[in-house]
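Read through the structure below, which is laid out as structure tokens, and then see the notes.
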Amino acid sequence: MRTTARLLMEQGYAETATWEALSVGGTVVIDEVLNAIDEADMCVFDITSMNPNVLFETGYAISRGKQVWLTIDSSIQAAFPLWKEFSLLGPLGFTPYRNSNELVSEFLRDDPLETLVPIYDSLIEPSLPDTSLPRRSILYCTTFEPFEASNRLDNFIDERKQKGLNVLVSDPKESSLNPINWYAPILLRSAGVLISFSGAQRNKAEIHNKRHSLVAGLAAGFEIPILLVAENDYLAPFDYEYRLHTYDSSDECVGIARKWLNSLEFERISWKNARSGVSNRLKQIRFGEHVAENESDSLGDYFIETAAYGDVVLARNAIFIGHRGTGKTANALQAFVAVKENKNNLAVLIKPPGFEFSAIMHLVSKLPRVQHEYFFDALWRFVVQTEISSAVLKSIEDRLSGVPRTQAESEFVNYVDGTPFNIRSDISVRIDQALDALLLTLGDTTTLETNRDHINEAFHSNALAELRHNLGPVLKDRTRVAVFVDNLDKGWEKGADFNVMARFILGLLVAEGRLAQDFARHDSWRDKIKLTVAIFLRSDIYTYLAIEAREPDKLPISTVVWRDRQTLLSVIEERFLASRYSRGDSEELWTQYFCGTVSGIGVKEYLGKVVLPRPRDIVYFCNAAVGRAIDRRHERVEEDDFLAAEETYSRYAYEALLVENGVTIPEMEEALFGFLGCRHILSVGEAKRAILNAGVADSRVDALLRKLVSMSFLGIETRQGEFTYPEAGIDLKRSMKLASILEPSTESQRVAVHPAFFNFLAVERNATEGI
């Protein structure tokens with residue numbers, strides 16, 4: 001790079017400077033580098049190794065509207081795979097080279113100073129938000145692994161969200177493939193950016209820390225307040241070393257974030273970097289975020305009420321299961337809002353904080369196995385009853401000062417002040433206090449009877465009975481007390497004891513049944529209260545749960561599925577209409593903004609085939625296609641835009657599948673790579689050989705094949721030429737029975753790889769399928 005800069009100067013092409021040549025004596029190096037970027041017409045960055053310093057500067061130069069020329073040394077074998085894995089710069093091009101002579105030749109031939117359009121103008125400006133609106137949100141970039149400090153930071157941010165803070169979360173498990181033009185609009189409507197870096201020893205830390213470096217540079221260029229936090233063993237690049245806050249403990253990490261967040265001013269932000277440019281009507285399209293938690297404020301504008309949603313709002317107890325992205329959290333959030341809108345109801349949303357799971361599992365390890373069920377039952381009864389009480393208290397104290405309280409309400413408020421647990425505190429505080437109290441009382445010589453007494457004492461069994469008595473007068477006239485429990489997958493991570501985790505969730509079912517019976521009773525000391533509990537679970541967790549349950553067939557299951565193609569398409573139609581100033585007709589999306597056909601079939605049929613039938617997937621895919629169209633200055637999304645989006649989406653679908661199922665199945669990635677380059681349709685025997693050839697033990701092949709079917713990677717042929725992708729439970733059993741009727745020989749039965757994975761795994765497409 002130094003030689004190229006010198007040769008270009010000598011040949012009179014341009015005045016050049018390298019960062020090493022800057023006068024930095026007595027100054028902060030990065031300040032001089034950023035000043036040089038501001039003064040330059042064009043910036044050249046070599047990203048062969050994805051150096052975090054270079055990535056930070058690249059992001060800064062992009063957001064400052066500079067011409068940016070990216071180069072990669074093509075003689076480095078790992079460079080191209082690293083570029084693809086990094087993905088954040090995916091929409092951009094780069095110049096390959098092997099030596100300085102080739103770089104100089106490329107410069108003189110392309111003349112980028114005259115021809116190169118700033119990435120800001122071509123990629124970012126077309127998708128900018130309305131800059132007349134105040135910035136009232138923050139962007140939070142979290143870590144891939146939820147280690148202790150990261151988990152506590154996640155939950156601190158979640159607590160602030162529940163108190164009204166608008167937070168958009170960039171979660172590597174959900175957003176690792178989001179390109180730069182996804183981040184830029186979010187940054188430009190954010191009052192601050194919080195970025196968490198992992199220590200070097202953490203899983204996938206290197207690649208995600210590199211991505212965070214680029215996002216930090218973008219935010220710095222936009223002049224947005226930034227907080228960078230990192231574990232103390234993170235080797236800080238000098239570009240942002242003096243901006244970085246390292247911590248030694250989880251408490252210190254949260255303390256740093258709390259202090260920074262409290263200092264932010266959400267409406268006094270400079271907009272001097274917002275630019276105007278070429279308009280593109282595709283900018284009008286906003287399909288929203290594919291992750292429900294990132295759009296809870298606007299979800300009601302385009303939420304689709306399905307049969308599953310109807311089951312959620314019904315006054316009954318049920319477990320709602322579905323794959324990632326099917327809308328479990330969206331259903332929980334919207335049902336909570338719908339039930340809450342009726343003032344005769346009390347709605348309670350419980351999302352157990354993730355960091356508590358490790359503390360719970362630690363304590364369980366000290367209890368005899370025969371006590372686990374009792375412990376989990378007591379824990380859940382404590383959580384549910386105190387959360388109901390917290391919601392009651394909030395509904396009373398949040399009223400306007402002029403609205404008088406009833407005698408029962410006044411007595412309840414007075415009673416709360418004397419309870420041994422703080423109803424006004426967050427759920428995490430109450431759980432912490434109970435666990436600490438129990439841990440202190442457990443000893444090596446305690447008996448089963450004393451253990452049970454300690455559990456009752458820690459979770460205030462006597463006080464809960466009194467609480468039940470005091471809840472009656474304030475809730476007896478309510479039509480319904482509806483409890484929604486979500487977020488149970490937070491503790492379902494690699495390294496967890498899944499047997500214990502399953503019994504922890506089953507403990508909720510036991511507690512829910514006992515509470516429902518208790519709340520339904522009316523006698524001399526308690527009033528009857530109509531209580532319902534809805535629990536939301538991932539399909540893979542439910543499958544494991546069913547193994548542990550004594551009577552799995554009696555679990556009240558409702559499956560969140562999207563079998564009807566038109567219902568799935570209505571997800572993006574409603575979002576399209578909500579993004580426009582006037583509602584209009586959803587048909588405009590298909591006639592004016594999307595091309596008519598892709599790969600020889602209608603675009604609606606194409607989307608129904610290539611995307612897994614889940615709202616998260618179709619939103620992600622359509623956002624990717626629109627983004628590609630805007631990048632190419634197309635006036636509508638053309639066929640090549642959809643085909644280009646397939647590559648991004650296919651990798652996203654693959655990574656999402658690993659996150660959901662690779663936790664309990666360690667050989668999952670090996671099994672999936674066994675299908676690299678395979679045919680679209682295979683016999684069961686061929687599929688087993690593909691798994692076996694990938695290195696999976698013979699004894700595990702049948703279980704892996706069944707798992708690949710249950711997670712919709714493989715479909716089962718249930719009628720001649722017709723493949724279904726069943727959900728876990730009775731749906732899967734039915735499909736397998738139909739397959740055996742069609743073809744009695746198991747080895748000769750046929751399965752099909754879902755088209756969502758074709759691109760990433762280079763699956764040989766069946767031309768007759770039209771995809």
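The values are calculated or read from the model by the stated rules, or taken from the named source; none is laboratory data. Because the structure is a prediction, the values reported are computed rather than measured. Cβ placement follows ideal geometry from the backbone for every residue including glycine, while neighbour counts extend to all protein chains displayed. These area figures cover heavy atoms from the full protein model, side chains too; ligands, DNA and RNA do not enter into them. Shrake-Rupley method; radii C 1.70, N 1.55, O 1.52, S 1.80 Å.
If you go through segment 383-398 one residue at a time, do you hit one that is more than 21 Å from VAL483 (Cα to Cα) and out of contact with any helix residue (DSSP H, G or I) (no Cβ under 7 Å at 6 or more places or on another chain)? Before the answer, list the steps.
First, pick out the residues of segment 383-398 that are more than 21 Å from VAL483 (Cα to Cα): none.
No, every residue in segment 383-398 fails to be more than 21 Å from VAL483 (Cα to Cα) and out of contact with any helix residue (DSSP H, G or I) (no Cβ under 7 Å at 6 or more places or on another chain).
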inquiry  = Just to be sure I understand the filter: pairs with C-beta atoms under 6 Å, separated by 6 or more residues or on different chains, first member in segment 700-713 and closer than 20 Å to THR724 by Cβ, second member open to solvent by less than 30 Å² (accessible area, probe 1.4 Å) and of a type in the set (Lys, Arg). Which pairs pass?
reply    = none
inquiry  = One residue is enough: does segment 489-499 have a residue meeting the conditions open to solvent by less than 70 Å² (accessible area, probe 1.4 Å) and closer than 19 Å to PRO368 by Cβ?
reply    = yes
remark   = Picked from segment 406-432 (must be over 23 Å from GLU512 (Cα atoms), part of a helix (DSSP H, G or I) and among the charged types (D, E, K, R)), the residue most open to solvent (accessible area, probe 1.4 Å) is GLU411
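Just to be sure I understand, how many residues within segment 663-699 are in a loop (DSSP other than H, G, I, E, B), touching a residue at least 60 places away in the same chain (Cβ under 8 Å) and small (Gly, Ala, Ser)? Lay out the reasoning, then the answer.
First pass over segment 663-699, keeping only residues in a loop (DSSP other than H, G, I, E, B): 663-667, 674-678, 680, 694-697.
Filter once more, keeping what is touching a residue at least 60 places away in the same chain (Cβ under 8 Å): 663-664, 675-678, 680.
Filter again for small (Gly, Ala, Ser), leaving 677.
Count: 1.
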task = State which residue pairs qualify: first residue free of Cβ contacts under 8 Å to residues at least 60 places away in the same chain and inside segment 470-491, second residue of a type in the set (Val, Ile, Thr) in any location, beta carbons under 8 Å apart, and separation of 6 or more residues or different chains.
result = GLY472/ILE529; LYS476/ILE529; ASP489/ILE541
Residue list for segment 733-754, restricted to those being under 20 Å from SER539 (Cβ atoms) and crowded, with 19+ Cβ neighbours inside 10 Å = SER735, ALA739, VAL751, ALA752, VAL753, HIS754
note = Inside segment 386-405, the number of residues satisfying the requirement of being part of a helix (DSSP H, G or I), open to solvent by 10 Å² or more (accessible area, probe 1.4 Å) and either touching a Leu at 6+ places or on another chain (Cβ under 7 Å) or farther than 15 Å from LEU467 by Cα (or both) is 4
message = Quick check on my filter: what residues within segment 600-631 are open to solvent by 20 Å² or more (accessible area, probe 1.4 Å), farther than 24 Å from THR326 by Cα and at pLDDT below 90?
response = ARG628, ASP631
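Kindly indicate whether any position in segment 221-228 is closer than 17 Å to PRO52 by Cα, open to solvent by less than 10 Å² (accessible area, probe 1.4 Å) and in contact with a strand residue (DSSP E or B) (Cβ under 8 Å, 6 or more places away or on another chain).
Let us first name the residues in segment 221-228 that are closer than 17 Å to PRO52 by Cα, namely 221, 226-228.
In the following step, the residues that additionally are open to solvent by less than 10 Å² (accessible area, probe 1.4 Å) were identified as 221, 227-228.
Retained after the next criterion (residues that are in contact with a strand residue (DSSP E or B) (Cβ under 8 Å, 6 or more places away or on another chain)): 227-228.
Taking every residue of segment 221-228 in turn, at least one turns out to be closer than 17 Å to PRO52 by Cα, open to solvent by less than 10 Å² (accessible area, probe 1.4 Å) and in contact with a strand residue (DSSP E or B) (Cβ under 8 Å, 6 or more places away or on another chain).
Yes or no, residue by residue, for (1) without any contact (Cβ under 8 Å) to a residue 60 or more places away in the chain; (2) surrounded by 19 or more Cβ atoms within 10 Å (Cβ to Cβ):
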position: ASN181; (1), (2): no, yes
position: LEU188; (1), (2): no, yes
position: LYS204; (1), (2): no, no
position: ASN232; (1), (2): yes, no
ask   = Taking segment 304-317 as the region of interest, how many residues are open to solvent by 40 Å² or more (accessible area, probe 1.4 Å) and not charged (D, E, K, R)?
value = 5
query = Does any residue in segment 54-71 that is within 16 Å of ASN181 (Cβ to Cβ) and touching a residue at least 12 places away in the same chain (Cβ under 8 Å) come within less than 6 Å, Cβ to Cβ, of a residue that is assigned to a strand (DSSP E or B) and among the β-branched types (Val, Ile, Thr) six or more places away or on a different chain, and which pairs are these?
reply = ALA61/VAL68; ILE62/VAL68
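Sort through LEU88, LEU123, LEU92, LEU103 and tell me the only one that's open to solvent by 20 Å² or more (accessible area, probe 1.4 Å) and in contact (Cβ under 8 Å) with a residue 40 or more places away in the chain.
Numbers: LEU88 fails: open to solvent by 20 Å² or more (accessible area, probe 1.4 Å); LEU123 fails: open to solvent by 20 Å² or more (accessible area, probe 1.4 Å); LEU103 fails: open to solvent by 20 Å² or more (accessible area, probe 1.4 Å).
Result: LEU92 is the single residue among LEU88, LEU123, LEU92, LEU103 that is open to solvent by 20 Å² or more (accessible area, probe 1.4 Å) and in contact (Cβ under 8 Å) with a residue 40 or more places away in the chain.
Just to check your reading of the model, which residue among LEU464, LEU435, LEU439 is outside any loop (DSSP other than H, G, I, E, B) and modelled with pLDDT under 85? Full working, then the answer.
Working: LEU464 fails: modelled with pLDDT under 85; LEU435 fails: modelled with pLDDT under 85.
Matching residue, one of LEU464, LEU435, LEU439: LEU439.
Name the single residue that is farthest from THR724 (Cα to Cα) among those in segment 593-640 being among the basic types (Lys, Arg), assigned to a loop (DSSP other than H, G, I, E, B) and over 22 Å from the mean Cα position of the chain (by Cα).
Filtering segment 593-640 for residues among the basic types (Lys, Arg) gives 604, 609, 614, 616, 628, 632-633, 636.
Applying the additional criterion that residues be assigned to a loop (DSSP other than H, G, I, E, B) yields 614, 632-633, 636.
Narrowing the set further to residues that are over 22 Å from the mean Cα position of the chain (by Cα) leaves 632-633, 636.
On the way: ARG632: 36, ARG633: 38, ARG636: 33 Å.
Checked segment 593-640; the qualifying residue farthest from THR724 (Cα to Cα) is ARG633.
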request  = Of the conditions (1) out of contact with any strand residue (DSSP E or B) (no Cβ under 8 Å at 6 or more places or on another chain); (2) modelled with pLDDT of 85 or more; (3) part of a helix (DSSP H, G or I); (4) open to solvent by 40 Å² or more (accessible area, probe 1.4 Å), LYS340 clears all except one; give me its number.
outcome  = (1)
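Give segment 1-17 a look and list any residue that's open to solvent by 60 Å² or more (accessible area, probe 1.4 Å), part of a helix (DSSP H, G or I) and among the hydrophobic types (A, V, I, L, M, F, W, C), or say none.
The initial filter retains those residues of segment 1-17 that are open to solvent by 60 Å² or more (accessible area, probe 1.4 Å), namely 1-2, 6, 9-12, 15, 17.
Going one step further and asking which of them are part of a helix (DSSP H, G or I), we end up with 2, 6, 9-10.
Once the filter is applied, which keeps residues that are open to solvent by 60 Å² or more (accessible area, probe 1.4 Å), part of a helix (DSSP H, G or I) and among the hydrophobic types (A, V, I, L, M, F, W, C), segment 1-17 yields only MET9.
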request  = Working only within segment 657-688, note down all residues that are touching a strand residue (DSSP E or B) at 6+ places or on another chain (Cβ under 9 Å) and open to solvent by 30 Å² or more (accessible area, probe 1.4 Å).
outcome  = GLY677, ARG679, GLU686
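Among the candidates GLY608, GLY600, single out the residue that is of a type outside the set (A, V, I, L, M, F, W, C) and touching a residue at least 60 places away in the same chain (Cβ under 8 Å). Explain how you work it out, then say what you get.
Working: GLY608 fails: touching a residue at least 60 places away in the same chain (Cβ under 8 Å).
Matching residue, one of GLY608, GLY600: GLY600.
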task = Considering only segment 192-213, state which residues are in contact with a Gly (Cβ under 9 Å, 6 or more places away or on another chain) and either under 17 Å from HIS245 (Cβ atoms) or at pLDDT 95 or above (or both).
result = SER213
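Is it the case that some residue within segment 729-739 is assigned to a helix (DSSP H, G or I) and polar (S, T, N, Q)? Show your work before the answer.
Of segment 729-739, the ones assigned to a helix (DSSP H, G or I) are 730-739.
Pick out the ones that are also polar (S, T, N, Q) and you get 735.
Yes, because at least one residue in segment 729-739 is assigned to a helix (DSSP H, G or I) and polar (S, T, N, Q).
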